[in-house]
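The values are calculated or read from the model by the stated rules, or taken from the named source; none is laboratory data. Remember, it's a predicted structure, so these values are computed and weren't measured experimentally. Because the Cβ atoms are built from the backbone with ideal geometry, glycine has one as well, and the counts that use them run over all protein chains shown. Just the protein is used for accessible areas: all its heavy atoms, side chains included, with ligands, DNA and RNA removed. Shrake-Rupley method; radii C 1.70, N 1.55, O 1.52, S 1.80 Å.
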Amino acid sequence: MIAKEWEIWLLTGSQHLYGKKTLDEVASDAELIANSLNKSEGMPVRIIHRSVLTTAEEILQSCKEANHNKSCIGIITWMHTFSPAKMWINGLKILHKPILHLHTQFRRDIPWAGIDMDYMNLHQSAHGDREFGHLMSRMQVERKVVVGHWQDTETINEISTWARAAAGWNDWQGAKFVRFGDNMRNVAVTEGDKVSAEYQFGYSVNTHGVSELVKRIEEVSDGDSEALVKEYEDLYQLGEGLKKGQPHRQSLAEAARIELGMKFFLEEGNYKGFTDTFEDLHGLKQLPGIAVQRLMQAGYGFGAEGDWKTAALVRAMKTMSYGLPGGNSFMEDYTYHLEPGHEMVLGAHMLEICPSIACEKPSCEIHPLSIGGKSDPVRLVFDSGPGPAINASLLDMGNRFRLLVNEVMAIAPSHPLPNLPVARVMWQPYPDLKKACHAWILAGGAHHTCYSQNLRSKHMEDFASMAGIEFVLIDKNTDIYQFKNHLRLNEVYYQINRSF
Ligand code: MN
């Protein structure tokens, strides 16, 4: 999750041509901009003004400090005056943190009557930022460019969107994800190259036998398990059979035991997310349902059937959206409604949908599960509310990773679903179901996604850019002919620019 101490540094470029008075003004203007951005509504981390940089040595030193400072999750650069960009080469060569080039100007309007050469010499970003942009393009530095006055709402929103992506990226660096068991047998899309992922994304994925988890679950005391059952009682509507004295009460205690055992395992190993699989539940009495749902709500990433790529993505998206209303969940495109003119997707999973997207008090229920061969699992059942949302899928294409996003409109549940024993969401994908599914399938998108109510495709685009991976978007403007060509062009690009 986004930590209080995380910062983004504003580095302002200049040079010694203009004298001390101008440099003092540059410094105070930059400080004012940083403070203003810092106080703006919705900025997820602190924006800190660092010194004005006027020499290659200072620039290199600042980039080194940004790399090594644990609080710094990214830098914003701005050339208030002209800053000859060759001075930036050595700094940018070693910079590992995400970079945003803010192309702004301190004064919004030209003072028509008062403008003179002194004013012009101070307000030079129109050409100073061009010089800097040229160098970054020549060096092929992956960066975000934001253009506009620094007090403009659109400018601030673009910066805060990027800052959220930087927070997700920072959270991945050095993160650990654990898999209880392997991928579901024979499934293609949940597989992937964990070595490439660690190189590209900075997180590691390793497996522990499910028996190690079972051992931890068995160590959970009756008292702790009973206390958690009490919490379930307080928070949820308990379904038939689960109340005190009813036949499935023991299953509820077992579900609580599984949740606590998993939580201890994750905490002890300092893991940020996990996977499990119904094909490897040796020693577990039921497939974890409510346990996974509640751990996701607490911020852990999760992917079912060994899907570690989605687990990591869910975690990143939860970090990116920290503090925003709405939620993020592991999701699966489950079943279609193909009524002409009202086409929609029913999203759900066997059990594991995060209650952060619930629009009502979840009910805690127990039902049989036709696969897995274990006791009936306890799960939370709920509907999810209407509104704009996205589905994001992270794919290993063999020579690269692709982040695929579809913008969708979730719709309020129109019919009761009394016999559906799982949490669910209904949505209409953009541009429409036929084109969206066509494009998704052409792009090799997975059936597993992270569904987000509070992130937009721009967050994901910025995130993919930081990761240096392919980003493919399906939205209102998607046209299948152009989409196919876009995929073909990307194919050529990534054949030439192969990643690890
Ligand atoms: Mn699945």
Between helix 20-39 and the chain: long-axis angle, C-alpha atoms, 0 to 90°, nearest 10: 20 degrees
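How long are the semi-axes of the equivalent ellipsoid of the range 315-419, defined as square roots of 5 times the Cα gyration tensor eigenvalues? Whole Å, largest first.
24, 19, 17
Can you show me the helix-derived [θ] at 222 nm for the chain, built from DSSP H runs with n ≥ 4 at -39,500 (n - 2.57) apiece and divided by the number of residues, rounded to the nearest 500. The partial results should precede the final answer.
Values: 15 runs with 189 residues, N = 500.
That calculation yields -12000 deg cm²/dmol at 222 nm.
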Hey, how many Å between the Cα centroid of the range 177-203 and the Cα centroid of the range 256-290? 18 Å
One computes Rg over Rh for the range 348-403 from alpha-carbon atoms, with the Kirkwood Rh, and obtains 1.12
Of all accessible surface on the range 1-86 at a 1.4 Å probe, what whole percent is carbon and sulfur? 53 percent
Could you calculate the FRET efficiency of residue 456 with residue 55 from 1/(1 + (r/R0)^6), where r is the beta carbon distance between them and R0 is 41 Å, rounded to 0.05? 0.55
Rounded to whole Hz and in sequence order, give me ³J(HN,Hα) for the range 78-87 from the Karplus expression 6.51 cos²θ - 1.76 cosθ + 1.60, θ = phi - 60°, writing x for Gly and Pro. 8, 9, 4, 10, 6, 10, x, 6, 4, 4
Under a 1.4 Å probe, counting only protein heavy atoms, residue 164 has an accessible area in Å², nearest 10, of 20 Å²
On Cα atoms only, tilt of 125-138 relative to the major axis of the chain in degrees: 60 degrees
Given an 8 Å cut-off on Cα distances and at least 6 residues of separation, report the relative contact order of the chain as a percent. 13 percent
One can check that the equivalent ellipsoid of the chain, built from the alpha-carbon gyration tensor with semi-axes equal to the square roots of five times its eigenvalues, has lengths in Å, largest first, of 46, 24, 22
Can you give me the distance in nm between label points at residue 127 and residue 206, each placed 7 Å from the Cα along the Cα-to-Cβ direction? 5.7 nm
Taking the alpha-carbon set of the range 295-372, what are its Rg and Dmax in Å? 14.3, 39
Equivalent ellipsoid dimensions for the range 223-287 as semi-axes, Å, which come from the Cα gyration tensor, largest first: 24, 15, 10
Straight-line reach check, residue 144, cutoff 18 Å on alpha carbons, 8 or more apart in-chain or any other chain, hits among lysines -> 93, 97, 458
Measuring from the longest principal axis of the C-alpha atoms of the chain, the long axis of helix 433-442 (C-alpha) lies at a number of degrees, nearest 10, equal to 80 degrees
Would you give the gap between the C-alpha center of the range 216-251 and the C-alpha center of the range 93-108, rounded to a whole Å? 53 Å
